[in-house]
Amino acid sequence: MRALLLLLAASLASACGSAPPSARGGGPRASALPTPDVLGPRERKGQFAFMHTCNPCHPQAGGGLGAPLDTKPFPLPAIRAKVRGLVPGDMPKFSEIEISDDDVDAISAYLKAIRPKI
């Protein structure tokens, strides 16, 4: 399990800030993000936290300075490891004071909710 987490976290690290936005599919998204009325309370909390913490580098959960997040099925442990700086890469480390574990969980729920259904 630890090896799987490290592998997922490494792929997340290599995706964050490693290429220009155009090469990572950055820029405006073809489809609009869900409106708050189609999100549950947990996802709305995650959307709020995402917009204040993550959106500057991952605009609309797409690529920007950071990798696009709306099409990747990263599990919560990998997301938390990346946010906390436990995975090397270009993404800044966020402490629990800057963004709580509960907010990281809510952001993960929001990202899962906006991921395109295939």
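The values are calculated or read from the model by the stated rules, or taken from the named source; none is laboratory data. Predicted model, so just to flag it, every value in this text is computed and none were measured. With ideal geometry, Cβ positions are generated from the backbone for all residues, glycine too; neighbour counts draw on all protein chains shown.
At a glance:
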{"item": "Subset tally (residues that are more than 16 Å from Ala106 (Cβ to Cβ) and in a loop (DSSP other than H, G, I, E, B)) for the stretch 49-83", "result": "12"}
{"item": "Yes/no for Gly66 being modelled with pLDDT under 90 and small (Gly, Ala, Ser)", "result": "yes"}
{"item": "Subset of the stretch 84-118 [outside any helix (DSSP H, G or I) and among the hydrophobic types (A, V, I, L, M, F, W, C)]", "result": "Leu86, Val87, Met91, Phe94, Ile97, Ile99, Ile118"}
{"item": "Pair list, Cβ < 9 Å and 6+ apart or interchain, from the stretch 51-69 residues that are under 16 Å from Asp90 (Cα atoms) to residues that are crowded, with 22+ Cβ neighbours inside 10 Å and of a type in the set (Phe, Trp, Tyr)", "result": "His58/Phe50; Leu69/Phe50"}
{"item": "Candidates Cys54, Cys16 - the one that is modelled with pLDDT under 85 and either within 15 Å of the chain's Cα centre (by Cα) or not acidic (Asp, Glu) (or both)", "result": "Cys16"}
